[in-house]
1. Quick one: how many residues across the stretch 125-141 are of a type outside the set (Ser, Thr, Tyr), surrounded by 20 or more Cβ atoms within 10 Å (Cβ to Cβ) and within 25 Å of Ser309 (Cα to Cα)?
2. For Phe65, are the conditions met, namely being in contact with a helix residue (DSSP H, G or I) (Cβ under 7 Å, 6 or more places away or on another chain) and not in a helix (DSSP H, G or I)?
3. Would you confirm whether any residue within the stretch 92-106 is in contact with a Gly (Cβ under 9 Å, 6 or more places away or on another chain) and part of a loop (DSSP other than H, G, I, E, B)?
4. Looking at Ile121, Ile74, which is the one that is within 17 Å of the chain's Cα centre (by Cα), assigned to a helix (DSSP H, G or I) and either within 30 Å of Phe331 (Cα to Cα) or modelled with pLDDT of 80 or more (or both)?
Amino acid sequence: MFKELSKNRLLMVWLAFFTSMVFFGGIILPGTMSADSNLIQNIADGVVEPGEGSFAATAFFFKLFPSPLDIVLILCVGWFSLSLFMQKLKTPQANLMAWYMTVPAILTCLVRPQKETIVVILACVITWIVTQTSLSKLAKVALVVVVYAIYAALFRTYFFLIIAAFAGVYFMVESRRALIYLLVSVIAVLVVFLIPLDILYKLQYPRDIVNYNRVGSGVAGHRTAFFNPYPIDSAGNFLLNYGYTFVRMNIPMVFDLSAKAWFWFGSVACYVFVIISGLRKSSDEIRILVSLFLSHVAVLMLFEPDTGSYTRHITSVFVYMLPAMLVVDEFFQKMRKPKPEPITTA
């Protein structure tokens, strides 16, 4: 690993950029980006009552790493995850694409202690299990489910939903048949109509609750915060809200023409390109990790309150793109190889 690191100068530059953001990001970045991190720190220091839920559990975790050990932890998690993602990339094109894809991760979830720090660690563990062990495909999938279930029980219960989504998405991706894709999608829509309305309400109403005092108020996250456009009083409206959220989160310039929206859309486009390129190759590693990534996307569309929160949450699992990114790197390597000159006869 260290030999590969020394060869990849673009990775070394990127690690230096990440390190500088850890120490100077607090001066450069908007204070709103540190809101969750500050709350966790206040709970850990006893300034705020811990209560229950993911913030309290995360604060307990970071109590194990008192200052300055918390900075050491952040640096190690960032260095390891970025190195894991980029160390084997050989072409400048793939490295620069990796830069672009990981900028949001660095700025939103890698440079400060917060809930996503633990998710990045989780994603690295999963990626190592899937790509580096000689376990069978079934054993790898089972371990993924077990690790996610443990994290869900200890920190965020909605990860149980990600496990459920993973079952459906992985079945589709593993089948590699358009008919199965269509069939599973239709079944998913039909299942929504069978779910009791009070459960559908509980899945989507957190967006409206969180944003009640944020939309148009000027507080953290207000710029991209939004309400569900339709009342959650039917399965049809639930699906309309879901579709609206998907467009708003992934094609943000439809609603916002700012440079940030265009930049994020470019990052989304890179992820889509990498996923499509990876799935064209018959690889168990790619199918498992891409399915996990897409399962995160599917679940986050239920309740994410704003684009910034979505960016932070989805980029915390960027390392799942590793094996697919290697396929993209191979593609760029083939483009660089000179074509053999035609043989001419006298």
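The values are calculated or read from the model by the stated rules, or taken from the named source; none is laboratory data. Keep in mind the model is a prediction, meaning the values are calculated, not measured. Note: ideal-geometry Cβ built from the backbone for every residue, glycine included; neighbour counts use all protein chains shown.
1. 1
2. Judged against the criteria, Phe65 is a match.
3. Looking for residues that are in contact with a Gly (Cβ under 9 Å, 6 or more places away or on another chain) and part of a loop (DSSP other than H, G, I, E, B), one finds none in the stretch 92-106, hence no.
4. None of the others qualify; the one that does is Ile121.
Listed here are the residues, each with its yes/no results for (1) modelled with pLDDT under 75; (2) part of a helix (DSSP H, G or I); (3) under 29 Å from Pro323 (Cα atoms).
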{"position": "Leu5", "(1), (2), (3)": "yes, yes, yes"}
{"position": "Phe24", "(1), (2), (3)": "no, yes, no"}
{"position": "Val47", "(1), (2), (3)": "yes, no, no"}
{"position": "Gly51", "(1), (2), (3)": "yes, no, no"}
{"position": "Asp70", "(1), (2), (3)": "no, yes, no"}
{"position": "Phe80", "(1), (2), (3)": "no, yes, yes"}
